[in-house]
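First up is the structure itself, then whatever we jot down about it.
The values are calculated or read from the model by the stated rules, or taken from the named source; none is laboratory data. Please read all numbers here as calculations on a predicted model, not as lab measurements. Here Cβ is always computed from backbone atoms with ideal geometry, including for glycine, and neighbour counts include all displayed protein chains. Heavy atoms of the whole protein, side chains included, go into the accessibility calculation; ligands, DNA and RNA do not. Shrake-Rupley method; radii C 1.70, N 1.55, O 1.52, S 1.80 Å.
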Amino acid sequence: MDQLIVGDEVFTITKASRSDVSALVELLRDDFLGKGRELPNLAPYEIAFDDIDHDPNQFLAAIRNQSGELVGTLQLTLIPGLARGGAKRLQIEAVRLASSTRGTGLGTAVFAWAHDYGKKHGATLAQLTCDKQRTDAHRFYERLGYAATHQGYKLSL
């Protein structure tokens, strides 16, 4: 368990457990895109959680406040590759913070922690994708030093 101190609050980051799935899905639903995209049935999320939990290159984070309430999450994936001299990448996805914590500095602290996690696991590059509609998130990532260097594409299968 790692601790983040943000102002006068202490947050903890642990690997999420299966009992966190319902709260994690609620975080995913608690935004303008997630409301229409996340499902009411937890079964597919539990299956996905099991896949994530059994993959040693995955870390699904549960971020809790001092009261133990789950207030954030993100999924970290370590991707070994041949490009860039055999660089390992840290993929950061599904970043969500409870609306009550936004603007407090928690996001910046979480990303600093994630970058350290990547470095400790041999990653030399952090990357993420972000929906084009999330303009506030774009500004946040740019403040952290991320650059929009690539065009991304998706295809539903």
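On a per residue basis, the chain carries 62 Å² of accessible surface, using protein heavy atoms and a 1.4 Å probe.
In plain terms, the chain from residue 53 to residue 153 could stretch by 33.3 nm, reckoned as 0.36 nm per residue minus the Cα-Cα distance.
Solvent-accessible surface (1.4 Å probe) assigned to residue 52 amounts to roughly 30 Å². Using a simple spin-label model with pseudo-atoms 7 Å out from Cα toward Cβ, residue 143 and residue 1 lie 2.9 nm apart. When the accessible area of the chain is split by element with a 1.4 Å probe, what percent falls to carbon and sulfur? Of all accessible area on the chain, carbon and sulfur atoms account for 53 percent. Ratio of Rg to Rh for the chain: 0.94 [Cα atoms; Kirkwood radius as inverse mean 1/r over pairs].
Could you compute the net charge surrounding residue 129? Neighbours are other residues with a C-beta less than 13 Å from the C-beta of residue 129; K and R count +1, D and E count -1. Kindly include the intermediate steps, with their values, before the conclusion.
Numbers: positive: 89, 132, 134, 154; negative: 93, 131.
Computed value for this residue: +2.
Computed over the chain with a Gaussian network model linking Cα atoms closer than 10 Å, the most mobile of 82, 97, 60 is 82. Compared with the alpha-carbon gap, the fully stretched path from residue 134 to residue 83 is longer by 15.5 nm at 0.36 nm per residue.
For segment 26-157, the share of DSSP beta bridges that are antiparallel, to the nearest 5, is 75%.
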